[in-house]
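Notes for the one structure printed next.
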Amino acid sequence: MGDGIVLAGGRSTRFGSEDKATADLAGTPMIRRVGDRLADTTDRLVVNCRADQTAAIERAFEGYPNPIEIAEDPDPDEGPMAGIRTGLRAAESEYAFVAACDMPFVEPELVEHLLSRARSYDAAVPRIGDGWFQTTHAAYRADAMADACERALAAGERKVIAPLEHLDYVVVDEAEVREHAPLDTFENLNTREEFEEAVRRLG
Ligand SMILES: Nc1nc2c(ncn2[C@@H]2O[C@H](COP(=O)(O)OP(=O)(O)OP(=O)(O)O)[C@@H](O)[C@H]2O)c(=O)[nH]1
């Protein structure tokens, strides 16, 4: 177990004027779905967002079973790496699982696996085939990754892969992922069309 960190500080420009984090996805705010998927495999939740999102996010988490902390970005719009840094700084456990707020199919069994897989490293990061490193669906040693993000941000880096260069991380490949989760665990919803398609599957 460890803290769950949910990133929600983006502007959801592809979604439209509404904040996708708290947008209704088949009757439940999307971010609450992500939180609910993490509830049994993490013992505390940190939600990273901008100050103007806090009230709506608090409403979305009313009645959540675990302790929850909202960690606001000191400066908004610095990108997901800044959000990971802010979220991990608020973690109380040594290792934490980071998820984007737009991954409503995140698979608890894989979360648990990544948290245990990270134990002898600084991070466990999934990668499907030779695709992107799934840095917003990964487990990190909180202090090490927060420090690495800090350094990368100071160096002007924006890509979340940059801080990994300074960490001892293990790549969790597709075969290993498939032992624990279907690949929609990584699916992130960016547009209204993707939302509607997800509603059909959830319904
Ligand atoms: N703290 C913080 N988080 C961010 C920022 N930009 C994106 N994120 C988060 O990173 C994750 C992935 O971002 P995207 O899927 O691109 O989301 P987005 O930036 O809100 O969406 P678009 O504007 O449509 O690209 C989401 O959980 C976002 O909330 C940012 O500037 N600050």
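The values are calculated or read from the model by the stated rules, or taken from the named source; none is laboratory data. Nothing here was measured: the structure is a model prediction, and the numbers come from that model. Heads up, the Cβs are rebuilt from the backbone with ideal geometry, glycines too, and the neighbour counts pull from every protein chain shown. Calculation scope for accessible area: heavy atoms of the full protein, side chains included, ligands and nucleic acids excluded. Shrake-Rupley method; radii C 1.70, N 1.55, O 1.52, S 1.80 Å.
Quick notes on this structure:
- Dividing the Cα radius of gyration of segment 22-77 by its Kirkwood radius returns 0.96 for Rg/Rh.
- Charged neighbours of ILE128, selected by a Cβ distance under 12 Å, balance to -4 (K, R count +1; D, E count -1).
- Rolling a 1.4 Å probe across the protein heavy atoms gives segment 112-203 an accessible surface of 53 Å² per residue.
- Ranked packing of 185-193, 153-161, most packed first, by mean Cβ within 10 Å: 185-193, 153-161
- For segment 61-75, backbone phi angles converted through the Karplus equation (6.51, -1.76, 1.60; θ = phi - 60°) give residue-by-residue couplings of 9, 3, x, 4, x, 9, x, 9, 10, 9, 10, 7, 5, x, 10 Hz, Gly and Pro being listed as x.
- In this structure, the amide hydrogen of GLU69, modeled 1.01 Å from its nitrogen in the peptide plane, lies closer than 5 angstrom to those of LEU45, VAL46, VAL47, counting only residues at least 5 positions away or on a different chain.
- Check: the chain dipole with +1 on Lys, Arg Cβ and -1 on Asp, Glu Cβ, in debye: 200
- Alpha carbon centroid spacing (whole Å) that separates segment 142-178 from segment 83-134: 10
- Segment 3-202 - convex hull of alpha carbons, volume per residue in Å³: 112
- Beta bridges from DSSP with both residues in the chain: antiparallel share about 35 percent, rounded to the nearest 5.
- Peptides 118-131, 38-51 ranked from most to least packed by the mean count of surrounding Cβ atoms within 10 Å: 38-51, 118-131.
- Computed from backbone phi, the HN-Hα couplings of segment 198-203 come to 5, 4, 4, 6, 6, x Hz, rounded to whole numbers (Karplus: 6.51 cos²θ - 1.76 cosθ + 1.60, θ = phi - 60°; Gly and Pro given as x).
- This model, with +1 at the C-beta of Lys and Arg and -1 at the C-beta of Asp and Glu, gives segment 138-203 a dipole about its Cα centre of some 200 debye.
- Couplings 3J(HN,Hα) of segment 54-60, computed from phi: 4, 4, 5, 5, 4, 5, 5 Hz, in residue order, whole Hz [Karplus 6.51 cos²θ - 1.76 cosθ + 1.60, θ = phi - 60°; x for Gly and Pro].
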